[in-house]
Amino acid sequence: MRDLSFPTFITNHPHTILVEIHEAKGSTPREAGTFMLVAETAIWGTIGGGQFEYMAIDNARAMLSGGGEAVMDIPLGPEIGQCCGGHTRLAFQPLTPELAETLEKRLRDEEDDRPAVTLFGSGHVGQALARALVPLPFAVTVIETRAEALEDLPAETEKHLTAMPEAFVEKIPAGGAAIILTHDHALDFLIAQKALARTDLAYVGMIGSRTKRATFANWLKREGGGYETLSRLVLPIGGMAVRDKRPAVIAALVAAELLETYAARQAQTSKRQIPTT
């Protein structure tokens, strides 16, 4: 039972142990701060899987029965059947209402901090991409001119029906992403022009080919845009290494591209925050 929402799990399982990675050194499946909840017959979340998670679950359930340990130091080596090579220190404690409230706020804050990804167009690739992005740490919005194209999207996506999708470009939060995959090349170009005019977006991508990129480059030049502007456009989205045009494959490639983009931005931010001596 790992698919329930946090509040539902707490309601269904009032006697629960919080298991948190207090310290992570070297190569580990998850980072410090990752947590899971263990009840007698159910689990919420994961600290990385494998044998060390099974050990944590066993210890948490022992605590529910009056035994167990409050802290476990676990080397992730051959002795427990894992080869990560790192070391984890796990902390265990009963989940109180106050602690549950703190964790729920933390989860809400993490939700609010997700990068905003706006999909312009919900055709076959747009639908597949929305489904691929929903489980990932992104807030997904889909913009469409056709009502029927919004019908089968995941419930977690925000949806907007409009006759002027280009007007939504200015509503993308700073640091967000614009992915352009409408059914109309002229509309694609118009949305891309407006998105590229914003230098605060982390990613601007358009579905297409090298030929479409060349066509857009000529159009952009006529509209007064230069090479520097064009260089910020990812076209084709998903790259050229995998030549497979099935929507689900394109969606997987674009999802990986977005994850890489935001990981690089996060690394740059962390680097800037490290004080120099």
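Quick note: the coordinates plus some simple rules give every number you see, no bench work behind them. Here the structure is a predicted model, which means the values were calculated and not measured. With ideal geometry, Cβ positions are generated from the backbone for all residues, glycine too; neighbour counts draw on all protein chains shown.
Some notes on this structure:
- Signed unit charges on C-beta, dipole axis of the chain, positive-most listed residue Val125, Ala195, His22: Ala195
- For the chain, the dipole from Cβ point charges (+1 on Lys and Arg, -1 on Asp and Glu) about the Cα centre works out to 1300 debye, to the nearest 20.
- Think of the chain as having a plus end and a minus end, set by charges on the Cβ of Lys, Arg, Asp and Glu; of Ala139, Val71, Gly176, Gly176 sits farthest toward the positive end of this dipole.
- Shape class of region 114-269 from the Cα gyration tensor (axes a ≥ b ≥ c, square roots of the eigenvalues): rounded, since a/c falls below 1.5.
- Residue-averaged 222 nm ellipticity for the chain, from DSSP H runs of 4+ at -39500 (n - 2.57), nearest 500: -12000 deg cm²/dmol
- With Cα atoms, 0 to 90° folded angle of helix 97-112 axis to the chain main axis: 20 degrees
- Highest-MSF residue in the chain out of Arg146, Arg131, Arg61 [GNM, Cα springs under 10 Å]: Arg61
- Each Lys and Arg contributes +1 and each Asp and Glu -1, all at the Cβ; summed about the Cα centre of region 81-146, the dipole is approximately 300 debye.
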